[in-house]
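Data first, discussion second: the structure below is written as structure tokens.
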Amino acid sequence: MAARKESESPRTTVQKTSDREVVVTRTFDAPARLVFQAWSNPELFKKWWVPRSMGMTLRSCDMDVLTGGKYRLVFGDDPANTMAFFGRYIEVVPDQRIVWTNEESGDPGSVTTVTFEERDGRTLLVMSELYPTKEALDEAGTGAQEATHETFGQLDELLAGLSAR
């Protein structure tokens, strides 16, 4: 049995399911098509992805969310001191699933899978981060997964506005 670490907010669960994988689940009060849109439209994505409490700026957000497409996210307030995250989309099924690589480390990076399952007008989102080794997961730490509590709260706010339209 894999060791588990769980932390929960009202609807977000972060769980280490193996020595190489972390899974985050959250139910959103919006249909899958809107939740998928918030993950695949760069203008919407920019509005919720960075935790406000970190005080970081998402300088650029290039996303070609289709199978074989690429993404590049650049963070930082100082143009001379930025961080870039990038990779490619392995699989995109509209309103259901997005799978992408995380290639910024130069080594085989993690693979992220996000699924969207609609249930009575609400969406169960499951995000899995699978690392190539236990050491890679240990090195990554839990900061990004823990930040999802805040970012998913921000996504809730965005979805409420989209749903009201």
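Here, each number is a calculation from the coordinates, and none is a lab measurement. In this text, all values refer to a predicted model and were calculated from it rather than measured experimentally. For neighbour counting, all protein chains shown are included, and Cβ atoms are generated from backbone atoms with ideal geometry for every residue, glycine included.
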Open item on the list: Can you tell me which of Pro31, Pro132, Pro51 moves the most in a GNM of the chain? Springs connect C-alpha atoms under 10 Å apart.
Closed with: Pro132
Task: Choice from Asn102, Asn41, Asn81 with maximal GNM fluctuation in the chain (Cα, 10 Å cutoff) - done: Asn81
Open item on the list: Starting from the 7 Å offset along Cα-to-Cβ, what nm value, one decimal, do you get for the label separation of Thr133 and Val74?
Closed with: 3.1 nm
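When only C-alpha pairs under 8 Å and at least 6 residues apart count, what is the relative contact order of the chain, in percent? Write down the numbers at each step before the final one.
On the way: 335 pairs, mean separation 42.3, N = 165.
Relative contact order comes out at 26 percent.
Report the percentage of all Cα-Cα pairs in the stretch 7-165 whose separation exceeds 28 Å, rounded to a whole percent.
The answer is 16 percent, as a whole percent.
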Open item on the list: Viscosity 0.890 mPa s, temperature 25 °C: give me the Stokes-Einstein translational D for the stretch 20-88 in µm²/s, with Rh taken as the Kirkwood radius over C-alpha pairs.
Closed with: 179 µm²/s
Task: Full-stretch length increase - Phe85, Arg59 - with 0.36 nm per residue and alpha-carbon distance subtracted - done: 8.2 nm
